[in-house]
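Structure first, commentary second.
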Amino acid sequence: MNRPLLWMLGSIVVLGLLITTMAGVNFSSQTTSADGQPPIVLYCAASNRAVMEAIRERYQDEYNREIQIQYGPSQTLLSSVDVSGAGDLFLPADDSYLKLAKQKGLIREILPIADMQVVVAVRRQDADNIQSLDDLLSDSVKLVQASPETAAVGKLVQQTLQQSGQWDDVSGATVAYRATVTEVASDIVVGAADAGFVYDAVLHTYPDLVAVELPELKPAVSRVAVGVIDQSKQPTAALHFARYVSAKDRGLIQYDQQGFRTAGHDVWADVPELSVFAGSMLRPAIEDTIAAFESREGVTVNRVYNGCGILVAQMQAGQHPDAYFACDQEFMNQVHDLFPQPVQVSQNELVILVQKGNPHNIGSLKDLAREGLRVGIGHEKQCAMGWITQNTFREGGVQEEIMPNVTVQTPTGDMLVNQLQTGSLDAAVAYLSNAAGAGEFLDAVQITGIECSTAVQPWAVNKESSHPETASRLFQKICSAESQEIFAAEGFRWRLESDEIR
């Protein structure tokens with residue numbers, strides 16, 4: 001059979017699968033579970049069928065919530081998500097399809113699950129005869145593979161062998177292309193083919209086949225993940241099932257048993273609880289975002305806002321939150337053993353806050369040393385703001401002159417703002433963000449020429465957190481465009497590059 005005819009037949013198969021998948025979605029939208037709730041609709045790659053059926057059965061028994069699954073090639077399923085605008089979850093064989101779906105605005109959250117390695121599948125009795133890529137090129141070997149146009153494994157094989165310059169030879173030796181990886185395995189089982197490219201995990205359900213690992217295919221690894229469809233009408237329910245699938249003591253047990261390569265991930269909880277420590281100055285920038293995250297995910301986020309010196313002392317005394325958002329890198333460094341991989345998210349500048357109109361005509365740090373002025377600053381040991389203030393005073397050469405005028409040292413900038421508004425202070429050294437929302441009462445005087453007066457806010461997840469992936473999704477929410485606008489409105493400057501967000 002010539003190659004143009006093969007591709008034409010493949011296109012017909014893809015069209016049929018697309019029509020079938022979309023018809024299934026329309027039917028699903030009209031049904032309900034036994035408890036009256038609509039079923040959760042999942043588009044799932046055929047390579048994950050065996051494991052997903054086991055997970056679905058256990059989840060439905062445990063939560064009495066129906067899961068309807070449409071199986072097919074990854075590209076076909078992606079087209080269904082795009083065209084139909086229906087469904088709740090998308091689980092392709094490779095996360096490249098999720099990245100593409102996210103670029104199109106079709107996917108919101110992405111939860112990682114496992115890895116699959118591309119191997120050559122052969123019948124057990126033929127294993128000794130096919131041990132290299134050259135063996136596949138022999139005229140005596142009938143080679144089949146999944147179509148690069150529809151299936152993740154086909155696309156990955158093509159990309160990998162194109163990079164090594166071997167794709168043309170392999171493509172020329174291929175006698176047929178199939179729509180899915182399971183069709184490739186079935187062809188080999190029944191003798192319609194001698195060898196084919198499949199995922200190692202797929203062979204778990206084909207005991208008569210064995211895997212031949214080739215060095216040329218070592219880079220061909222698919223990362224399996226599940227994405228929440230943007231148009232889902234029940235995102236909280238969808239996320240509940242997605243967390244179940246990706247939990248190491250629930251869905252990943254099945255993935256391990258089916259030969260997938262899993263690592264890490266969250267411990268299962270019906271309603272996960274995250275604990276987050278954050279510097280007080282960050283509260284206006286992140287509180288609404290965290291509340292929205294709780295509502296959508298169906299989780300609880302227990303947050304503790306305080307001066308970072310106080311938070312560090314609590315952590316050193318044994319309180320270990322899932323995540324920590326510090327006011328400055330110094331106070332992250334002090335708990336580096338708990339948070340070894342922080343990322344710098346934003347920055348905030350120290351300013352001199354004065355009453356509206358600046359009645360004392362304060363223009364620089366030196367002016368704070370005038371006789372009779374009442375000055376407020378942060379407490380050096382209780383908050384990052386106080387620690388940075390003292391460094392700024394020292395670098396500016398004004399510490400000894402200003403400190404006699406300091407009448408109050410507080411653990412948070414909000415306290416200083418309140419005292420300025422009541423008239424008990426003439427000036428305060430605080431963050432620019434502390435002045436946000438108080439523009440009708442206060443003016444901010446910039447501190448110039450002192451580099452250490454800028455604080456950098458790092459975020460990190462505890463290396464021993466039971467819910468690292470949930471914490472990661474919270475961080476992604478904090479890094480969203482909407483959240484960045486809140487940061488800017490609150491006086492912060494964004495630092496984090498998009499490729500650092502995880």
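For the stretch 377-389, taking the residues that are outside any loop (DSSP other than H, G, I, E, B) and touching a helix residue (DSSP H, G or I) at 6+ places or on another chain (Cβ under 6 Å), the one that is farthest from THR410 (Cα to Cα) is identified as ALA384. Does VAL398 meet the test of being in the same structural domain as LEU311 (by the TED database), touching a strand residue (DSSP E or B) at 6+ places or on another chain (Cβ under 6 Å), farther than 16 Å from ASN348 by Cα and surrounded by fewer than 20 Cβ atoms within 10 Å (Cβ to Cβ)? The answer is no for VAL398. If the condition is being touching a residue at least 12 places away in the same chain (Cβ under 8 Å), farther than 18 Å from GLU490 by Cβ and out of contact with any His (no Cβ under 8 Å at 6 or more places or on another chain), then the stretch 307-318 contributes ILE310, LEU311, VAL312, GLN314, MET315, GLN316.
State which residue is surrounded by the fewest Cβ atoms within 10 Å (Cβ to Cβ) when the search covers only the stretch 313-331 and only residues that are farther than 18 Å from SER465 by Cβ and hydrophobic (A, V, I, L, M, F, W, C).
This residue is ALA317.
For the stretch 421-443, the set of residues classified as more than 37 Å from the chain's Cα centre (by Cα) and closer than 25 Å to ILE286 by Cα consists of GLN421, ALA428, GLU440, PHE441, LEU442, ASP443, listed by residue number.
Could you please find all residues in the stretch 118-136 being touching a Leu at 6+ places or on another chain (Cβ under 8 Å) and either in the same structural domain as GLY251 (by the TED database) or hydrophobic (A, V, I, L, M, F, W, C) (or both)?
VAL118, VAL119, VAL120, ALA121, VAL122, ILE130, LEU133, LEU136
Out of all the residues in the stretch 342-350, is one or more within 23 Å of the chain's Cα centre (by Cα) and part of a loop (DSSP other than H, G, I, E, B)? So far as the stretch 342-350 goes, yes, one or more of its residues are within 23 Å of the chain's Cα centre (by Cα) and part of a loop (DSSP other than H, G, I, E, B). The one condition from (1) buried (at least 22 other Cβ atoms within 10 Å of the Cβ); (2) of a type outside the set (S, T, N, Q); (3) out of contact with any helix residue (DSSP H, G or I) (no Cβ under 8 Å at 6 or more places or on another chain) that PHE492 does not meet is (3). Applying the condition of being at pLDDT 95 or above and not polar (S, T, N, Q) to the stretch 340-351 and asking which residue is nearest to GLN484 (Cα to Cα) yields VAL345. Search the stretch 435-454 for residues being assigned to a helix (DSSP H, G or I) and out of contact with any strand residue (DSSP E or B) (no Cβ under 7 Å at 6 or more places or on another chain), and hand back the single one that is most open to solvent (accessible area, probe 1.4 Å). By that ranking, first place goes to GLU451. Residues that are open to solvent by 20 Å² or more (accessible area, probe 1.4 Å) number at least 3 in the following helices (runs of 4 or more DSSP H) confined to the stretch 45-162: 49-63, 74-84, 96-103.
All conditions but one from (1) polar (S, T, N, Q); (2) crowded, with 17+ Cβ neighbours inside 10 Å; (3) more than 24 Å from ARG493 (Cβ to Cβ) apply to SER295; the one that does not is (2).
Would you confirm, using the coordinates I've provided, whether THR422 is modelled with pLDDT under 95, open to solvent by 60 Å² or more (accessible area, probe 1.4 Å) and closer than 13 Å to ILE352 by Cα? When the stated conditions are applied, THR422 does not pass them. Scanning the stretch 254-273 turns up no residue that is open to solvent by less than 40 Å² (accessible area, probe 1.4 Å), within 30 Å of ILE486 (Cβ to Cβ) and aromatic (Phe, Trp, Tyr). Need the failing condition index for THR392 against (1) in a helix (DSSP H, G or I); (2) open to solvent by 40 Å² or more (accessible area, probe 1.4 Å), just the number. The number of the failed condition is (2).
If the condition is being among the small types (Gly, Ala, Ser) and surrounded by 15 or more Cβ atoms within 10 Å (Cβ to Cβ), then the stretch 163-191 contributes SER171, ALA173, ALA176, ALA179, ALA185, SER186. When residues in the stretch 60-96 are screened for being of a type outside the set (S, T, N, Q) and either outside the structural domain of ASP249 (by the TED database) or more than 21 Å from THR205 (Cα to Cα) (or both), 18 of them pass. Of the residues making up the stretch 290-324, those that are under 26 Å from HIS240 (Cα atoms) and part of a strand (DSSP E or B) are THR300, VAL301, ASN302, ARG303, VAL304, ALA323, TYR324.
Please specify each residue of the stretch 181-214 satisfying the condition of being closer than 21 Å to TYR71 by Cα and part of a loop (DSSP other than H, G, I, E, B). If the condition is that a residue be closer than 21 Å to TYR71 by Cα and part of a loop (DSSP other than H, G, I, E, B), then TYR206 is the only one that fits. Just one of the listed residues (GLY165, GLY259) is on the phi > 0 side of the Ramachandran plot and modelled with pLDDT of 95 or more, and it is GLY165. Could you please let me know if GLU482 is open to solvent by 20 Å² or more (accessible area, probe 1.4 Å), outside the structural domain of THR236 (by the TED database), closer than 30 Å to PHE241 by Cβ and assigned to a loop (DSSP other than H, G, I, E, B)? It is false that GLU482 is open to solvent by 20 Å² or more (accessible area, probe 1.4 Å), outside the structural domain of THR236 (by the TED database), closer than 30 Å to PHE241 by Cβ and assigned to a loop (DSSP other than H, G, I, E, B).
The values are calculated or read from the model by the stated rules, or taken from the named source; none is laboratory data. Treat the numbers as computed from the prediction; the structure is a model and nothing was measured. Counting neighbours? That spans all protein chains shown, and the Cβs are built from the backbone with ideal geometry, glycine included. To get the accessible areas, we keep the full protein, side chains included, count just its heavy atoms, and leave off ligands, DNA and RNA. Shrake-Rupley method; radii C 1.70, N 1.55, O 1.52, S 1.80 Å.
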